[in-house]
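Just so it is clear, none of the values below were taken in a lab; they were calculated from the coordinates. All values derive from a computational prediction rather than experimental measurement. Neighbour counts are summed over all protein chains in view; Cβ atoms, including those assigned to glycine, are modelled from backbone coordinates with ideal geometry.
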Amino acid sequence: MFDQMVLGINGLNVLLTVVLIYIYFKNHKLVKSKMTMGMLFFAVMFLIENALSLYFYNSLLMQGITSITTFHLVVKFFEMIGLLVLLYVTWE
């Protein structure tokens, strides 16, 4: 039951991230600032993370694998890239 909830939440996160990308892209066309570009890049990285999470978590469940420590590291790596880019653009 919890596995299905995780898959549902991941699917919802993908959908919400696509909406965020649309909003950030629209804002970037109007404002054309580094901040809006950084937010757009962050949203794209977050979309990649959520899409990979959805795909790999589902694949691991189908194989009966419950330990996902290595995958968790990959997820955190993509989040780190997004945060670093956002920090760089905000700091400058």
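Descriptive notes on the structure:
- Multiplying the residue separation of Ile23 and Leu60 by 0.36 nm and subtracting their alpha-carbon distance yields 10.1 nm.
- Highest to lowest packing among 21-30, 34-43, scored as the average C-beta count within 10 Å: 34-43, 21-30
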